[in-house]
1. Put a dot 7 Å past each Cα toward the Cβ at A:LYS3 and A:VAL157; how far apart are the dots in nm?
2. Gap in Å between the Cα centre of region A:88-119 and the Cα centre of region B:10-54?
3. In Å² (nearest 100), what accessible area is buried between A and B, both sides summed, heavy protein atoms only, 1.4 Å probe?
4. If one computes the Cα centroid of region A:158-224 and of region A:1-31, what distance in Å separates the two points?
5. Tell me what the protein assembly as shown gives for mean residue ellipticity at 222 nm when only DSSP H runs of n ≥ 4 count, each as -39,500 (n - 2.57), the sum divided by the residue total, rounded to 500 deg cm²/dmol.
6. Beta carbons within 10 angstrom, averaged per residue: use that to sort the peptides A:56-65, A:110-119, highest first.
7. Kindly identify residues of region A:127-160 having a loss of at least 30 Å² in accessible area between the isolated chain and the assembly of all protein chains, probe radius 1.4 Å.
8. Rounded, prolate or oblate, given the Cα gyration tensor of the protein assembly as shown, with a/c below 1.5 counting as rounded?
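The values are calculated or read from the model by the stated rules, or taken from the named source; none is laboratory data. Quick caveat: nothing in here was measured; it's all calculated off a predicted structure. Positions of Cβ are backbone-derived with ideal geometry, glycine not excepted, and every protein chain shown enters the neighbour counts. Just the protein is used for accessible areas: all its heavy atoms, side chains included, with ligands, DNA and RNA removed. Shrake-Rupley method; radii C 1.70, N 1.55, O 1.52, S 1.80 Å.
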Amino acid sequence: MTKVLILGAIAIALAWPVPVLLARARWTMRMPALAMLCWQAVAVAGGLSMIGALWLVSVGAAALLALHLLLNLGLTAVGTSRQRRRHRQLVELLSIPMPDRPGTRLIENEAPVAYCLPGAPRSVTVLSDGLLRLLSEDELAAVVAHERAHVVQHHHVVLMAFKAWRTALPWFPIASRAEEAVALLVELLADDDARQVVSDRVLASAVVAVAGADAAAVAPRVARLGA
Amino acid sequence: MDLLWQSESPLAAADVRDALPGSPAITTVLTVLTRLEGKGFVTRDRVKRPHLFGATLSRDDYMAELMHEVLTSAPDREAVLARFLGRASKSETDHLRKLLGD
């Protein structure tokens, strides 16, 4: 009985007060890597303690929850990789390789666009000519470093896992809070990589330039760069 | 693919080969066209004119699909692309506004 109470208390703590505090915490802006670790730990420990507490009450219910979570992770992974394959085909069809930048392709579009498509055997960086016109050489270096960091640090895997968690538990608001928080943290982590290549000021101006009308969305990142 | 997009009517593999620089082997052209067909980018009327290839959709249509995926804030987009312009939640933006005393 005590085991159920302890595990249940842990599960409840990890399902509500702990993530709420983590989402409100200010130190996460300064230490995104540690914050990211915390979110992942909360997600894994929360899931396991919930399954554990259920297991002591009813094995069937615990197995059902575990199966539900795993099935959602699998389905999300399949859906994501299918979508990514289609996107990669479109990119190959519509873009040309940039001779002076290995692993980079250029699309003809006015919109300033930069992103990295993770994938085997190697990832592809996609830039639009609208972006090249908008940014200076330094700012472009910042953007490319930022993009590469996302793929090198496997952010797409982390985001996919948190997305699966949210779709598995649609009635659980904390799951979408967690996904939002993690989505911001990966940007901060990628910014930190880009800061090693260019100055904070250049990175901030690149972030603002690409954001355009969406400046409010990148305000936390710009504030952090002290600009 | 650009040739098929520029052409008003469907092309035979030989037309494609003649228009390409360095005129590659006809089998190479056919292989590429068949692979594009497998991906759905190229179609041919297998009953009436099986030797003529045409683009399924225009280049602009595909570009629109690509840009739509890149630019819209679909929640699952982030998992597919790692993108420069991150997404901050409404609560985060509100929080920032409060901090700025707005």
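1. 3.3
2. When both Cα centres are located, 25 Å separates them.
3. On the way: alone 12800 and 7950 Å², together 17070 Å².
Looking at A and B, the buried total is near 3700 Å².
4. Their Cα centres are 22 Å away from one another.
5. Working: 17 runs with 221 residues, N = 329.
That comes out to -21500 deg cm²/dmol.
6. Working: A:56-65: 12.9, A:110-119: 20.2.
Packing proxy ranking, top to bottom: A:110-119, A:56-65.
7. Buried-area filter returns A:LEU159.
8. On the way: a/c = 2.96, a/b = 1.54, b/c = 1.92.
The shape class here is oblate.
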